[in-house]
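Undergrad: After the structure tokens below, expect a handful of questions from me.
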Amino acid sequence: MAIRDFAFEPADFTVRPGAVVTVRNADTVDHTLTAQDGGFDTGTIAPGASATFTAPARPGASSYLCTLHHFMRGILTVS
């Protein structure tokens, strides 16, 4: 997945339980991808860099956001 123009691409996506997700920051400022319940977090991703996180092991939906730009939001579904 990617971050571009202050948006997650795609904002809503589905992965298998325990999948490792790579997030590439194609924007010009730092971003994060952080679960609102604290279940996963990339930490700060610099422009042009990538980070990974491990999806939850249990099926379900998790809302996430960029902690630096709270208007950037999405939903990760594990199934």
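What follows draws every value from the coordinates through simple rules; no lab data is involved. Since this is a predicted model, take the numbers as computed values, not measurements. A quick note on method: Cβ atoms are made from the backbone with ideal geometry, for glycine too, and the neighbour counts reach across all protein chains shown.
Undergrad: Once fully extended, how much extra length lies between residue 11 and residue 57, figured as 0.36 nm per residue of separation less the alpha-carbon to alpha-carbon distance?
TA: Gain on extension, residue 11 to residue 57, equals 14.5 nm.
Undergrad: Suppose every Lys and Arg Cβ carries +1 and every Asp and Glu Cβ carries -1, with no other charges. What dipole size does the chain come out with about its Cα centre, to the nearest 20 debye?
TA: It works out to roughly 220 debye.
Undergrad: Work out how much length residue 28 to residue 2 would gain on full extension: take 0.36 nm times their residue separation and subtract the Cα-Cα distance, in nm to one decimal.
TA: 8.1 nm
Undergrad: The list [x] 34, 21, 19; [y] 36, 32, 24; [z] 42, 27, 21 gives values of Cα extents along the principal axes in Å, and only one came from this structure; which label was calculated from it?
TA: Among [x] 34, 21, 19; [y] 36, 32, 24; [z] 42, 27, 21, the one calculated here is [x].
Undergrad: Take the chain, connect every pair of alpha-carbon atoms lying under 10 Å apart with a spring to form a Gaussian network, then pick out the residue of 32, 42, 22 with the largest mean-square fluctuation.
TA: Most flexible of the set in this elastic network: 22.
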